[in-house]
Amino acid sequence: MDIENIISVFSRLSGSDEETSVKFRFMCENARDYILSHLKPDSDTGSCGSKLEFAAASLAYYRYILWSIAESGGDITVGDVSVKSSSSILANAQKIYEQAFADISDVFDSGYFVFEVV
């Protein structure tokens, strides 16, 4: 996964300029490392590289929103948009994150157990 692609997608998701996005490079790297550490053994990641990068960017974006809320006490500014109630922007970030991870579920091992009746 190319970190520059992840940062570019993160920048588009967050509505931030490149300078701001570079400040959060560590979040993008951390998200990339998280995904790489949870890939299923022997999975074909070559065919879903862009989905993996998007999932990493969406995870970084979700964490960025959480960070922004914690730092500001509830009111956040993302790009040119100022939000007084952060619940809607957090919910949207979570939906993006959840859908991105659903898209990579064939190669991503979440570590969750599923109990089924046999």
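The values are calculated or read from the model by the stated rules, or taken from the named source; none is laboratory data. Small disclaimer: the values here were computed from a predicted structure and weren't measured. When we count neighbours, we look across all protein chains shown, and the Cβ atoms used for this are built from the backbone with ideal geometry, even at glycine.
Just checking, how many residues over the range 23-51 are at pLDDT below 85 and under 27 Å from ALA91 (Cβ atoms)?
Residues that pass the stated criteria total 1.
Mind telling me which of the residues VAL118, VAL78, VAL107 ends up being touching a Gly at 6+ places or on another chain (Cβ under 7 Å) and either modelled with pLDDT under 90 or over 19 Å from PHE10 (Cβ atoms) (or both)?
VAL78
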